[in-house]
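A quick write-up on the structure given underneath.
The values are calculated or read from the model by the stated rules, or taken from the named source; none is laboratory data. Since we're looking at a predicted model, the values are computed, not measured. In this analysis, Cβ positions are derived from the backbone assuming ideal geometry, glycine residues included, and neighbour counts consider all displayed protein chains. Heavy atoms of the whole protein, side chains included, go into the accessibility calculation; ligands, DNA and RNA do not. Shrake-Rupley method; radii C 1.70, N 1.55, O 1.52, S 1.80 Å.
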Amino acid sequence: MKYFDVAVVGGGPIGLTAANIIAKSGFSVCVLERRVKIGYPSHCSGLVSARFIEENSVKPELVLNTIKGAYLFADEELLSFKSEESRAFVIDREKFDQSLAEEAQKNGALIFTNSAVVSAKKGKVFNELYLQNGEVIKSRFVIIASGAKSGVNRMFDFKDEESEVIYTAQTDLKVFLPDGESVYMYVDDSFAHNWFAWIIPIRNGLAHIGLGTDRTENIVDDLKKFIRSSEFTKDADVENLKPIGWIIPIGLAKKIVNGRVLRVGDAALQIKPFSGGGLYTGIKAARFAAEVVVKALKTDDVSALNEYKTNVDREITPIVKRGLLLRRIYRSMSDRDKALFLKGLNNDEAKRVITESGDIDSPFFVGVKLLRFIGTPLMHYFKDILTGSSV
Ligand SMILES: Cc1cc2nc3c(=O)[nH]c(=O)nc-3n(C[C@H](O)[C@H](O)[C@H](O)COP(=O)(O)OP(=O)(O)OC[C@H]3O[C@@H](n4cnc5c(N)ncnc54)[C@H](O)[C@@H]3O)c2cc1C
């Protein structure tokens, strides 16, 4: 049996960020990761904002591409816009996770790979974690950062609480794109039901190509259909695709603290429901979680953990709630109405608003600014925003 002040379950970006802060503060911390190699395989597109790069001091060598614009396709409509400055960055998720692990180890965190947590016992002072490899870990605090639907939540009496699950498949292919500094997003219910599909250029002609859908069946067939349908990918060899499948859980987690246990990141649904981005929100929450655990360890006062909920409710919950509202609107619109929405934005003034205020961390606020370009037939979709209810 091994003893730690804190055990973090899950060696993804969120767990590793929390572990690093705790280790830096001088407390003993381990990360328990079920996979053999940190960061591998990556299911993520790695699209993040400039704010994310800055706040997390992401090293330039982890940035694969700079994004300045977008091509949005819906039905027969195409809306494209491009800014002078970088609006987003594509980071190498595998190397990003590995760099977080190196940093945490340098500060004293122990990272155990091949260490799936299979059961747990909650105690008044110590929690016990039982690993698939037979090891037992005892710790005063546990941070659950085990990602979407991992089962660890239930070991500590947290409910999954998601209202929706999006199933995703992504692969990397060589493609020829007219603009390597733009992302290509497709709205089409026939392959990306109630979500969207994407082509995100990385470098050297490679692009992340993927989609999400709320349908459980035939996602690989959906991906093939998308690849065949896009003029940029239609000649790619789809027969030998080896996409990585994963899920995006959507919803609002009400309970995120239970005794000496916290949950964070995808495990706590700290994901933007409209885009599926979880790095910005999750890492912010990981900092809150680690800071309150350090405080509780220093003061020997478990009630300090309640501050985590307060901080999350102040900074993360509003982002999730606004995203849930956008998501509800998006789901209620037909592909044709989404196309009409794009058509309304296909003018210089609307594009100026998008390029000046577009922010992948806060799509809600630019969305509100764009409502004046939307024709009356679509206005009923946005009545909750216009009347200020549910925001
Ligand atoms: C297709 C796709 C594209 C995405 N693109 C973006 C994007 O462009 N930008 C963005 O911001 N976000 C994106 N996201 C979301 C982002 O990937 C997640 O929000 C982020 O990975 C969450 O990090 P995490 O550490 O909470 O969970 P994860 O990254 O899932 O890490 C959890 C870790 O816990 C481990 N684990 C699980 N169960 C156990 C167990 N029982 N014992 C031990 N270890 C366990 C897992 O192996 C995993 O390594 C995307 C998601 C998907 C599915």
Worksheet item: What residue among GLY39, GLY375, GLY259 has the largest mean-square fluctuation in a Gaussian network model of the chain, using Cα springs under 10 Å?
Response: GLY375
Practice prompt. Evaluate E = 1/(1 + (r/R0)^6) for LYS255 and LYS106, where r is the Cβ-Cβ distance and R0 equals 30 Å; express this FRET efficiency to the nearest 0.05.
Written response: 0.35
Fill in: Distance histogram for the chain (every C-alpha pair counted, 10 angstrom bins, percent rounded to whole numbers)
5, 23, 32, 24, 13, 4, 0
Item to complete: Could you let me know the centre-to-centre spacing of region 44-100 and region 312-366, using Cα atoms, in angstrom?
Response: 18
Practice prompt. Give, rounded to the nearest 20 debye, the magnitude of the charge dipole that the chain has about its Cα centre when Lys and Arg contribute +1 at Cβ and Asp and Glu contribute -1 at Cβ.
Written response: 1240
Worksheet item: Mind ordering 67-76, 172-181, 263-272 by average Cβ neighbours within 10 Å, highest first?
Response: 263-272, 67-76, 172-181
Discussion item. Quick check: with the 1.4 Å probe, what order do ARG35, ARG260, ARG154 take by accessible area, largest first?
Written reply: ARG154, ARG35, ARG260
Response to the item:
Along the dipole axis of region 138-192 (charges at Cβ: +1 for Lys and Arg, -1 for Asp and Glu; origin at the Cα centre), the most positive-end residue among VAL142, LEU177, ASN153 is VAL142
Worksheet item: Under the definition of Cα pairs under 8 Å and six or more residues apart, what whole-number percent is the relative contact order of region 125-186?
Response: 16
Item to complete: Tell me what the chain gives for mean residue ellipticity at 222 nm when only DSSP H runs of n ≥ 4 count, each as -39,500 (n - 2.57), the sum divided by the residue total, rounded to 500 deg cm²/dmol.
Response: -10000 deg cm²/dmol
Worksheet entry | Local electrostatic count at ILE22 - Lys and Arg +1, Asp and Glu -1, tallied over other residues with Cβ under 12 Å | +3
Worksheet item: If one takes the longest principal axis of the Cα atoms in the chain, at what angle in degrees, from 0 to 90 and to the nearest 10, does the Cα axis of helix 335-344 lie?
Response: 70
Response to the item:
Given backbone amide H placed at 1.01 Å from N, residues whose amide H is under 5 Å from that of ILE111, ignoring those fewer than 5 places away on the same chain, are VAL31
Worksheet item: Regarding region 170-288, what is the average projected area of its C-alpha convex hull, in nm²?
Response: 9.0
Practice prompt. Kindly provide log₁₀ I(q)/I(0) values, in the same order as q = 0.12, 0.21, 0.22 Å⁻¹, from the Debye equation applied to equal alpha-carbon scatterers of region 29-119.
Written response: -0.53, -1.05, -1.11
Worksheet entry | Relative contact order of the chain, defined on C-alpha pairs under 8 angstrom at six or more residues apart (%) | 19
Practice prompt. Can you tell me the order of 346-355, 236-245 when each peptide is scored by its average per-residue count of other Cβ atoms within 10 angstrom, highest first?
Written response: 346-355, 236-245
Practice prompt. Please give the helix 93-106 orientation as an angle from the longest Cα principal axis of the chain, in degrees from 0 to 90, rounded to the nearest 10.
Written response: 20
Worksheet item: If you place +1 on the Cβ of every Lys and Arg and -1 on the Cβ of every Asp and Glu, how big does the dipole about the Cα centre of region 1-146 come out, in debye to the nearest 20?
Response: 840
